[in-house]
1. Against the condition of a type in the set (S, T, N, Q), free of Cβ contacts under 8 Å to residues at least 24 places away in the same chain and either in a loop (DSSP other than H, G, I, E, B) or on the phi < 0 side of the Ramachandran plot (or both), how does residue 42 come out, does it pass?
2. List, please: which pairs have Cβ atoms under 7 Å, are six or more places apart or on different chains, and start with a residue in segment 115-126 that is outside any helix (DSSP H, G or I) and end with one that is open to solvent by less than 80 Å² (accessible area, probe 1.4 Å)?
3. Looking at 185, 135, 196, 164, which is the one that is surrounded by 20 or more Cβ atoms within 10 Å (Cβ to Cβ) and of a type outside the set (Asp, Glu)?
4. Residues of segment 1-19 being hydrophobic (A, V, I, L, M, F, W, C), open to solvent by less than 90 Å² (accessible area, probe 1.4 Å) and within 16 Å of residue 62 (Cβ to Cβ), which ones?
5. Can you tell me how many residues within segment 87-112 are surrounded by 14 or more Cβ atoms within 10 Å (Cβ to Cβ) and either more than 15 Å from residue 61 (Cα to Cα) or among the aliphatic types (A, V, I, L, M) (or both)?
6. Being under 23 Å from residue 16 (Cα atoms), open to solvent by less than 20 Å² (accessible area, probe 1.4 Å), in contact with a Cys (Cβ under 9 Å, 6 or more places away or on another chain) and not aromatic (Phe, Trp, Tyr): is that true of residue 140 here?
7. Going through segment 167-176 one residue at a time, which ones are over 21 Å from residue 112 (Cβ atoms), open to solvent by less than 50 Å² (accessible area, probe 1.4 Å) and either assigned to a helix (DSSP H, G or I) or in contact (Cβ under 8 Å) with a residue 60 or more places away in the chain (or both)?
8. Within segment 11-30, does at least one residue satisfy the condition of being under 15 Å from the mean Cα position of the chain (by Cα), of a type in the set (S, T, N, Q), closer than 14 Å to residue 151 by Cα and assigned to a helix (DSSP H, G or I)?
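The values are calculated or read from the model by the stated rules, or taken from the named source; none is laboratory data. Note that the structure is a prediction, hence the values are computed from the model and not measured. Positions of Cβ are backbone-derived with ideal geometry, glycine not excepted, and every protein chain shown enters the neighbour counts. To get the accessible areas, we keep the full protein, side chains included, count just its heavy atoms, and leave off ligands, DNA and RNA. Shrake-Rupley method; radii C 1.70, N 1.55, O 1.52, S 1.80 Å.
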Amino acid sequence: EAGVRRYGFHGLSYEYIATRLPDLGIGVDARVIVAHLGHGASLCALRGGRSVATTMGFSTLDGLMMGQRCGALDAGVVLHLLRQGHDPATLERLLNEESGLLGVSGLSDDVRVLEASPDPRAREALELFAYRAARELGSLVAALGGLDALVFTAGIGEHSAAMRARIAALASWAGVELDAAANARHAERISAARARVGVYVVPTDEE
């Protein structure tokens, strides 16, 4: 009644990817997780091509760590910062524009810059990004009751072989295993031939 609900975001991207699933040979009843990893990032669980769960919620701050957004955060942290004297406008800027990859690294919100940097803070930011993605992926596998396919899309998902490899390694328990050569050349199907879960790279089209 107050208008507070889990909206989810990146819907245009997920709608487009859902239309591409048959082209990839993914069955209509398949349990699919789509990883839209860009400056804004989220995961969506699809069954029968329809969303059943998503990591973003009432706002774009929920779920995954992003370029400048914090992602899921204990509400107690916000209360703590308010008690310390931070006003709502300052907090909004902090959580939306000064957190995520930029906040952790102190260097950049661009994965390409961080992957090229020898700074240990850059590595920490990349590792945390992958860890958070794998944690959320696990929750969506639970929501789906299993996993048949994983699709990477958007800027990071389409272009960072290293980040895909990091996330896949953390999700190996779910049957995710990459073909290193296919991943390095950004092939459409990048899962190992023996892998139980098909893994794909599909450029999104939000237009």
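1. Values: of a type in the set (S, T, N, Q): yes; free of Cβ contacts under 8 Å to residues at least 24 places away in the same chain: no; either in a loop (DSSP other than H, G, I, E, B) or on the phi < 0 side of the Ramachandran plot (or both): yes.
For residue 42, the condition - of a type in the set (S, T, N, Q), free of Cβ contacts under 8 Å to residues at least 24 places away in the same chain and either in a loop (DSSP other than H, G, I, E, B) or on the phi < 0 side of the Ramachandran plot (or both) - is not met.
2. Partner pairs satisfying both residue conditions: 117/107; 119/107.
3. Working: 185 fails: surrounded by 20 or more Cβ atoms within 10 Å (Cβ to Cβ); 135 fails: surrounded by 20 or more Cβ atoms within 10 Å (Cβ to Cβ); 196 fails: surrounded by 20 or more Cβ atoms within 10 Å (Cβ to Cβ).
Exactly one of 185, 135, 196, 164 is surrounded by 20 or more Cβ atoms within 10 Å (Cβ to Cβ) and of a type outside the set (Asp, Glu), namely 164.
4. Residues of segment 1-19 that are hydrophobic (A, V, I, L, M, F, W, C), as a first pass: 2, 4, 9, 12, 17-18.
Next, only the ones that are open to solvent by less than 90 Å² (accessible area, probe 1.4 Å) stay: 9, 17-18.
Within segment 1-19, 9 is the sole residue that qualifies.
5. 12
6. On the way: under 23 Å from residue 16 (Cα atoms): yes; open to solvent by less than 20 Å² (accessible area, probe 1.4 Å): yes; in contact with a Cys (Cβ under 9 Å, 6 or more places away or on another chain): yes; not aromatic (Phe, Trp, Tyr): yes.
Yes: the conditions hold for residue 140.
7. 174
8. The initial filter retains those residues of segment 11-30 that are under 15 Å from the mean Cα position of the chain (by Cα), namely 11, 13-14, 17.
Right, trim to of a type in the set (S, T, N, Q) and you get 13.
Imposing the further condition that a residue be closer than 14 Å to residue 151 by Cα reduces the set to 13.
Pick out the ones that are also assigned to a helix (DSSP H, G or I) and you get 13.
Yes, there is a match, as at least one residue in segment 11-30 is under 15 Å from the mean Cα position of the chain (by Cα), of a type in the set (S, T, N, Q), closer than 14 Å to residue 151 by Cα and assigned to a helix (DSSP H, G or I).
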